[in-house]
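Notes to accompany the following structure.
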Amino acid sequence: MTDDRHEHEWTRAKGADGIRAWACNDCDETCATCTTCGGPSGTTLLLCRPCERHAARVLDDITHALGYYRTDPRSLISSPGNMRLAPGGTPPGGITRPADVREQLWGWVARWTEHTGPSNASAIDYLKAHHIWAAHNPDDSGWPAYLKDAKRLRTAARRIAGLLPQFHPEPCVHCGGPVVQDWSDPDWKPLPRGLSDTVRCLGCGMTWADRAQWRFSTRQHIVELPGVRPDSLVTLAQARMVWPDVPAGTLRQWAKRARDEWADAVGMVRTWWAARCDFGGPEWVEWARAGWTEDMLDDAPDLPAVLMRQRGTRRGEPTYRVGDVHALVERWADERRAGRAPSVATRRA
Ligand SMILES: [Zn+2]
Ligand SMILES: [Zn+2]
Ligand SMILES: [Zn+2]
């Protein structure tokens, strides 16, 4: 050890390993490699200070989050429109109470005490005190798996404490990233007035003052699509935002009709191709008997321009060309105008 106060500048020492794996450019000091991050550990240990601090921090975060756990969900004073009372969704991994988190931490304690001897400390205190041992004995401790598990338990603790943000179904119109409203501040403390009004994008950091403004700008953005970018793809839910007057059932019907028409057309082309392949062979007899002639094999059947054919998916939802939907909406609106005119006339009479 040295008592000089300069910041060591570590470079990988050629051909050296163990506690001499890294050498300081300015002094004679050497150090080992941190097996967690692969950088210089700064000491003879296999765990660097930042990695050790980080592992301890995850456990502190768990304690911190569980401290906010309430059996009755917090109220939503600042968002009276949102009637859902319990934040968060269905819990994966069966963790619904702080006891579940602690129980899983005890699993690691049990594994480690087999090698380190019994202890009376709390699970979190015990684990924290044995991080260096665990990093040095990954075969016994399962260190990398433990680090992953601790992070998973931290997320679970935040979830059951109602600190995770609430996700919106529609992605950000600017970057496509997930859009959320927060239950907690950046330090994971619950917001005093419940769910934040501010809507923010986790992708590009864009924020909107409240849900209404977010909805407005999202809708505005999508509404402009048919004219400006007819090739943009939208889900049926987004199409509803553009054309709120068209019933959801009608949109679904159009999508289904397009699916059926397209399947028929593709089926016809396949049949035509099979006939063409069989021409001149023994199987052609069957085709000829069914009325096929050689002339019919010259041109492939046209694939019709099926409107509102599915063009892919977004988060599992089928997407459609906005220009296609637009054309069908125009036709639908014309038909309705035509159909409605006489009834208006008779009512006036
Ligand atoms: Zn140095
Ligand atoms: Zn490290
Ligand atoms: Zn964004």
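Quick one: E286 ticks every box in (1) in a helix (DSSP H, G or I); (2) exposed (fewer than 11 other Cβ atoms within 10 Å of the Cβ); (3) among the acidic types (D, E) except a single one, so which number is it?
Every listed condition holds for E286 apart from (2).
Across segment 168-201, what is the number of residues that are more than 15 Å from F216 (Cβ to Cβ), within 16 Å of ligand 3 (Cβ to nearest atom) and part of a loop (DSSP other than H, G, I, E, B)?
Here the count works out to 7.
Tell me which of these L46 doesn't satisfy, since it passes every other one: (1) of a type outside the set (K, R); (2) in a loop (DSSP other than H, G, I, E, B); (3) within 15 Å of ligand 1 (Cβ to nearest atom).
(3)
Does segment 52-67 contain any residue that is at pLDDT 95 or above, farther than 20 Å from W188 by Cα and away from ligand 3 (no atom under 16 Å from the Cβ)?
Within segment 52-67, one or more residues are at pLDDT 95 or above, farther than 20 Å from W188 by Cα and away from ligand 3 (no atom under 16 Å from the Cβ).
Looking at (1) within 10 Å of ligand 1 (Cβ to nearest atom); (2) over 40 Å from the mean Cα position of the chain (by Cα), can you tell me which one E9 breaks?
(2)
If you take the residues in segment 19-37 that are in a loop (DSSP other than H, G, I, E, B) and either touching a residue at least 60 places away in the same chain (Cβ under 8 Å) or away from ligand 1 (no atom under 14 Å from the Cβ) (or both), which one is farthest from the chain's Cα centre (by Cα)? Spell out how you get there, then give the answer.
Initially, segment 19-37 is screened for residues in a loop (DSSP other than H, G, I, E, B), giving 21, 25-29, 32, 34-37.
Subsequent filtering for residues that are either touching a residue at least 60 places away in the same chain (Cβ under 8 Å) or away from ligand 1 (no atom under 14 Å from the Cβ) (or both) retains 21, 32, 34-37.
Numbers: A21: 40, A32: 38, C34: 32, T35: 30, T36: 27, C37: 26 Å.
If we take residues in segment 19-37 being in a loop (DSSP other than H, G, I, E, B) and either touching a residue at least 60 places away in the same chain (Cβ under 8 Å) or away from ligand 1 (no atom under 14 Å from the Cβ) (or both), then A21 is farthest from the chain's Cα centre (by Cα).
May I ask you to list the residues in segment 145-177 that are free of Cβ contacts under 8 Å to residues at least 60 places away in the same chain and within 16 Å of ligand 2 (Cβ to nearest atom)? Even if it seems obvious, please write down each step before you answer.
Going residue by residue through segment 145-177, those that are free of Cβ contacts under 8 Å to residues at least 60 places away in the same chain are 145-146, 148-149, 152, 155, 165, 167-168, 172-177.
Hits for segment 145-177 are Y146, K148.
So which residues in segment 202-244 are in a strand (DSSP E or B) and not assigned by TED's automatic domain parsing to the domain that holds P186, if there are any at all?
Initially, segment 202-244 is screened for residues in a strand (DSSP E or B), giving 207-208, 233-235.
Residues satisfying the conditions are L233, V234, T235.
Residues checked against (1) outside the structural domain of V306 (by TED's automatic domain parsing); (2) free of Cβ contacts under 8 Å to residues at least 12 places away in the same chain:
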site: R200; (1), (2): yes, no
site: A265; (1), (2): no, no
site: T271; (1), (2): no, yes
site: C277; (1), (2): no, yes
site: P282; (1), (2): no, yes
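Got a number for residues in segment 137-165 being of a type in the set (S, T, N, Q) and either part of a helix (DSSP H, G or I) or within 25 Å of V199 (Cβ to Cβ) (or both)?
2
If S232 satisfies every condition in (1) in contact (Cβ under 8 Å) with a residue 40 or more places away in the chain; (2) touching an Asp or Glu at 6+ places or on another chain (Cβ under 8 Å) but one, which is the exception?
That leaves (2) as the condition not met.
Which residue, of C27, C34, is surrounded by 12 or more Cβ atoms within 10 Å (Cβ to Cβ) and modelled with pLDDT of 95 or more? Steps first, answer last, please.
Values: C27 fails: modelled with pLDDT of 95 or more.
Every option except C34 fails the conditions.
The values are calculated or read from the model by the stated rules, or taken from the named source; none is laboratory data. Remember, predicted model here, so these are calculated numbers, not experimental data. Neighbour counts run over all protein chains shown; Cβ positions are idealised from the backbone, glycine included.
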